[in-house]
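Peer 1: Mind having a look at this structure? Questions to follow.
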Amino acid sequence: MGACRARAMSSGRIVPRTYGAVTSMSIDPMEKKPLYHFMPGAGILSVGTYGCNLSCKFCQNWEISQREADRRQFTPEELARLAESVRGQSVGVAYTYSEPLVWYEFVYDSARLMHERGLLNVLVTNGYINPEPLRELLPYVDAVNIDLKAFSQKFYQSVCGGDLEPVLGSIRQAYESGRHVELTTLVVPGLNDSKDEMDALASWIARLSPDIPLHISRYFPSYRMTAPPTPMSTLQMCMETARARLHYVYVGNAGIPGGSDTVCPVCNETVIRRHGHARVELLLRGASCPACGAGIPVKLRGPEPTQDNN
């Protein structure tokens, strides 16, 4: 069995152990993924399995990512039928909770089915994948949130058991493929919380596009890390540093006033106001700022289809 727990050797071949093994399932707000510029206010059927190809010492989902867990078997067809049955509450399927890339075959087969049936696919991932399989999967993915855990190779090696460059490559590849991309960085005290590192991280993102949303998330002790939670002052500094480079920077797991609202980068008008994950106020005019008319890069839900009784 591999370190990811999701693959094993059989008859000289590496085979998936988790195909269709669902350990977690729920209809979540899109904002919980987190995706703030993709279908704000929508719900999405979220599914996950066990296993991960990284071993982050601060993992918040370690109960399923770092060990096997109880599961229920689904075929892609069964998942698609379930997704269709909850269309009124959900716009599609998010592959999330643990690392969906170790579940690649099932995600790929399911995503193709969802795509054929007009349902959306969301990938919440650490981005640790080779370019070729990612290239095959991306045509069926509508939006992706990638964890950019730090902007340091040392951090990736010592804290996550991986490398930085493949993640940067996946972000670039997803963005250049035209997928909707948002990024998340968990700020861990003393490890990736310096102003210089946050500035370097935001500068790299801005070279792709300053419109890519960045979610700065507050660390809490979990798994193998016992350091106290990220100070609010550190989060504030990281947010201000990133906002000097990027148009849309958010703070999660923390009650910083305005930290989850979308603000027009031209006139500073609040265009989307969020009250936790449960309530979203869309103040936009179409996809534009109501005050100055500037375009806001956000994908909104279309009107609900009307029933034809003829």
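The numbers here are math on the coordinates, done by the rules we state, and not lab data. Everything numeric in this text was worked out from a predicted model, so none of it was measured. Here the Cβ is made from the backbone with ideal geometry for all residues, glycine too, and neighbour counts use every protein chain on show.
Peer 1: If I ask for residues that are part of a loop (DSSP other than H, G, I, E, B) and either hydrophobic (A, V, I, L, M, F, W, C) or loosely packed, with under 14 Cβ neighbours inside 10 Å (or both), which ones from the range 270-289 would you list?
Peer 2: Matches in the range 270-289: 276, 278, 283, 284, 286, 287, 289.
Peer 1: With (1) surrounded by fewer than 18 Cβ atoms within 10 Å (Cβ to Cβ); (2) polar (S, T, N, Q); (3) in contact (Cβ under 8 Å) with a residue 12 or more places away in the chain as the list, and residue 262 as the residue in question, which single condition is left unmet?
Peer 2: (1)
Peer 1: For residue 55, which of the numbered conditions (1) hydroxyl-bearing (Ser, Thr, Tyr); (2) surrounded by 23 or more Cβ atoms within 10 Å (Cβ to Cβ); (3) more than 16 Å from the chain's Cα centre (by Cα); (4) under 23 Å from residue 253 (Cα atoms) fails to hold?
Peer 2: For residue 55, the failing item is (2).
Peer 1: Follow-up. Being more than 27 Å from residue 162 (Cα to Cα), out of contact with any strand residue (DSSP E or B) (no Cβ under 9 Å at 6 or more places or on another chain) and in a helix (DSSP H, G or I) is the filter here, so list the residues in the range 68-108 that pass it.
Peer 2: 76, 77, 78, 81, 84, 85, listed by residue number.
Peer 1: If a residue has to be in contact with a Gly (Cβ under 9 Å, 6 or more places away or on another chain) and closer than 12 Å to residue 185 by Cβ to count, how many in the range 228-248 make the cut?
Peer 2: 2
Peer 1: Would you mention how many residues in the range 16-67 are of a type outside the set (S, T, N, Q), out of contact with any Gly (no Cβ under 7 Å at 6 or more places or on another chain) and in a loop (DSSP other than H, G, I, E, B)?
Peer 2: 19
Peer 1: Inside the range 86-102, can you point out the residues that are hydrophobic (A, V, I, L, M, F, W, C) and under 23 Å from residue 42 (Cβ atoms)?
Peer 2: 86, 91, 93, 94
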